[in-house]
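This report concerns only the one structure given below.
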Amino acid sequence: MQILEHTSTKLVIYSRPLGLWTLTLILVLFGPVALLFKIDSIIQDSQVLTSTFLTFIPWTIVAGWFFFNNIQVMTNTFSKETQILTQEKSTILGKRTQQYAFSEIEDILIIGADGEGIPINPIQILLKSGKKIPVYLDLDFFKALPKAKETEAIVRKFLELEEETES
């Protein structure tokens, strides 16, 4: 995650999560590599062949879904001039742009602040409709929460949202 521009009228947050891409690639390649190590026993025993493919096919589907869902570059541009958040996601399959009016934004959430796991989308914008919009993608096992809190404060201040009170 990188803040490309932070002025009084514009905030641009960019993410190209190389760590997440590496993990995703490892997950995708794990199935075929594991299959190669068992190829001799698979060829000799049809029962092993059946059980291997019954395991390999779901693994490939889940790893493929994870791959296509997370191999992306995300740019969020907050513009006070237009009062619009523009989110661009560039994936292997193309570019998708969505816009949200500042008036739709209700709050900013830090996901995983309770210490359970490392979220891939640590900061999300909550819209009045209940929809959550990720601000950036990241996979940082050591600095996820401090970075999320710092970024949340920047976005909250830029959008002039009230500070969240801790109970």
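Hey, among LEU36, LEU20, LEU11, which residue is modelled with pLDDT under 75 and under 29 Å from ILE84 (Cα atoms)?
Of the residues listed, the single one that is modelled with pLDDT under 75 and under 29 Å from ILE84 (Cα atoms) is LEU20.
Only one of GLU88, GLU163, GLU81, GLU116 is in a loop (DSSP other than H, G, I, E, B) and at pLDDT 95 or above; which?
Matching residue, one of GLU88, GLU163, GLU81, GLU116: GLU81.
The values are calculated or read from the model by the stated rules, or taken from the named source; none is laboratory data. Since the structure is predicted, the reported quantities are computational estimates derived from the model, not experimental observations.
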